[in-house]
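The values are calculated or read from the model by the stated rules, or taken from the named source; none is laboratory data. Nothing here was measured: the structure is a model prediction, and the numbers come from that model. All Cβ positions, even for glycine, are placed from backbone atoms using ideal geometry, and neighbour counts span all protein chains on display. What goes into the accessible areas is simple: the full protein's heavy atoms, side chains included, and nothing from ligands, DNA or RNA. Shrake-Rupley method; radii C 1.70, N 1.55, O 1.52, S 1.80 Å.
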Amino acid sequence: MPHAYDPQNIFARILRGEIPNKTVLETAHTLAFHDIQPQAPVHVLVIPKGAYASYDHFAAEASDAEIVDFNRAVAEVCRLTGVDLGEGGQGFRAITNAGAHGVQEVPHYHLHILGGRPLGRMLARADS
Ligand code: 5GP
């Protein structure tokens with residue numbers, strides 16, 4: 001089944017400039033901005049500008065240029081926010097939620113970059 005995309009989702013509206021955001025980085029194919037409800041001292045969302053609903057949608061259908069641009073933007077966001085190990089930072093966690101089981105709230109692919117404090121285990125054992 002083809003991936004569906006809702007053009008009225010909140011990140012599509014941010015990309016159209018209908019809703020403000022605190023931009024960390026903008027490139028040809030990618031936008032990175034601070035999460036409105038940060039769960040760590042660093043909590044940045046990295047999103048492709050293209051209409052991709054989830055990571056699997058992006059990975060399957062985005063162009064090589066979009067995929068490269070996105071990943072280079074992630075590296076730059078890590079550097080800019082001071083969590084990049086190569087720049088002397090203490091590290092980070094990159095998370096993407098997809099669909100119902102992944103508890104994805106906004107149906108436009110986004111990668112959470114979290115850091116700035118020890119983040120604990122990835123998943124609580126009780127959830128497994
Ligand atoms: P998800 O659960 O889909 O992986 O994460 C969605 C994230 O988007 C949440 O962390 C939430 O705080 C963030 N978010 C929702 N609406 C807005 C918004 O209007 N602006 C920003 N900057 N972040 C938002």
Percent relative contact order for the chain, counting Cα pairs under 8 Å at least six residues apart, stands at 28 percent
Residue separation between Asn71 and Ile10 times 0.36 nm, minus their alpha-carbon distance, gives in nm 19.7 nm
If exposed means GluC sites (Glu not before Pro) lying in a DSSP loop and surrounded by at most 12 other beta carbons within 10 Å, then the longest stretch of the chain lacking such sites spans residues 19-104
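Rounded to a whole number, what % of the accessible area of the stretch 10-115 do carbon and sulfur atoms account for, probe 1.4 Å?
Working: 2970 of 5730 Å².
Of the solvent-accessible surface of the stretch 10-115, carbon and sulfur hold 52 percent.
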In Å², rounded to a whole number, the accessible area per residue of the chain with probe 1.4 Å is 62 Å²
If exposed means trypsin sites (Lys or Arg not before Pro) lying in a DSSP loop and surrounded by at most 13 other beta carbons within 10 Å, then the longest stretch of the chain lacking such sites spans residues 23-120
Note to self, the chain gives a 222 nm [θ] from helices alone (DSSP H runs n ≥ 4, -39500 (n - 2.57) apiece, / all residues, nearest 500) of -7000 deg cm²/dmol
Rounded to the nearest whole number, the per residue volume of the convex hull around the C-alpha atoms of the chain in Å³ is 119 Å³
Note: His34 to Asp56 extended length (0.36 nm per residue) minus current alpha-carbon separation gives 5.6 nm
